[in-house]
């Protein structure tokens with residue numbers, strides 16, 4: 001949510017006022033609007049929100065992998081100093097793998113079932129780094145070892161279906177970081193895994209970041225995951241960034257009613273046996289957003305004539321803490337939620 005002038009020199013990714021539209025037969029629907037954030041070298045930024053909020057579309061825009069009917073209608077996405085909204089498909093293909101890597105929710109939809117795991121990892125290094133088949137193959141074995149797969153040389157000759165879900169995700173991470181990209185985008189990387197394996201995958205991602213200056217953009221709906229690994233959080237709602245702040249500050253002093261509602265609905269150890277609070281109402285349909293605050297129909301603090309006219313501008317609550325709420329500074333940002 002910072003202007004380009006405030007982007008720091010160690011910024012790997014800077015998204016500024018991104019807008020994504022869906023092109024229909026007779027009209028255009030706005031899916032994502034005015035989303036801005038940055039990711040710096042060596043840090044983890046979580047992009048969080050419920051299904052349909054636009055977080056995965058934002059990630060796909062950064063990767064240059066938007067569905068054919070969705071287009072970037074405004075704003076910029078600067079990756080390692082290059083605005084990819086102006087890049088050709090050939091250039092985007094060159095950036096994927098070398099500058100930015102991706103890990104998705106279902107590894108089996110990302111891994112080629114007809115190729116061995118080792119060949120898939122090696123392919124990226126051969127394509128982007130020009131390594132020989134032998135050199136790339138040896139590096140693939142090293143990468144499998146790095147991500148914690150036992151007997152990596154034998155496993156490199158295996159096919160994806162011969163791996164468990166957790167091993168498939170580890171292999172996908174190995175492929176994503178094979179060329180040492182500056183940014184890794186992980187879109188719900190642990191959702192399909194059991195709790196124990198989830199913890200192992202998150203620990204692996206943290207370890208990889210600790211070894212390098214690679215940045216991580218973590219797309220998730222899981223606040224527990226965010227609390228454990230993220231340095232900063234961007235909360236999305238109905239296609240907009242509602243709030244962003246350092247993780248500790250966001251959890252201690254949320255400055256947007258939606259963020260507060262999300263945090264209050266998280267189960268806590270030791271909480272009395274009372275029903276968890278729920279957020280009443282529904283998210284407005286994509287492309288049919290109300291004027292003013294998009295959370296207005298579900299918010300107990302809505303002020304007609306203030307919250308119902310727009311657009312609602314970003315308000316600065318504290319250093320690196322911003323909220324898209326007219327009450328952000330006066331009413332919110334004081335009560336711990338977790």
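What value, in deg cm²/dmol to 500, does the helix sum -39500 (n - 2.57) over DSSP H runs of n ≥ 4 give at 222 nm once divided by the residues of the chain?
Calculated at 222 nm, the ellipticity per residue is -9000 deg cm²/dmol.
Working from Cα positions, state the angle (0 to 90°, nearest 10) between the long axis of helix 133-146 and the longest principal axis of the chain.
50
Sorted from fewest to most neighbouring beta carbons within 10 Å, what does the list 293, 53, 307 look like?
The order, fewest Cβ neighbours first, is 307, 53, 293.
To the nearest whole percent, what portion of all C-alpha pairs in region 144-202 is separated by more than 19 angstrom?
Roughly 28 percent, once rounded to a whole number.
Can you give the Kirkwood hydrodynamic radius of the chain from its Cα pairs, in Å with one decimal?
Hydrodynamic radius (Kirkwood, Cα pairs) of the chain is 21.0 Å.
Quick one: order 251, 295, 159 by neighbouring beta-carbon count within 10 Å, fewest to most.
The order, fewest Cβ neighbours first, is 159, 251, 295.
Ratio to report: Rg/Rh of region 113-178, with Cα atoms as the point set and Rh obtained by the Kirkwood method; give two decimals.
Here the Rg-to-Rh quotient is 0.93.
For the Cα atoms of the chain, what angle does the longest principal axis make with the long axis of helix 195-211, in degrees from 0 to 90, nearest 10?
Once rounded, one gets 80 degrees.
With everything on Cα atoms, drop me the angle between helix 117-129 and the longest principal axis of the chain, reported from 0 to 90° to the nearest 10.
So the inclination is approximately 80 degrees.
Using the number of other C-beta atoms within 10 angstrom as an exposure proxy, rank 200, 38, 82 with the fewest first.
Neighbour counts put them in this order, fewest first: 82, 200, 38.
Any read-out appearing in this document is the output of simple, stated calculations on the displayed coordinates, not a laboratory observation. Bear in mind that the values here come from a model prediction, so they are computed numbers and not experimental data. Reconstructed Cβ throughout: ideal geometry from the backbone, glycine too, with neighbour counts over all protein chains shown.
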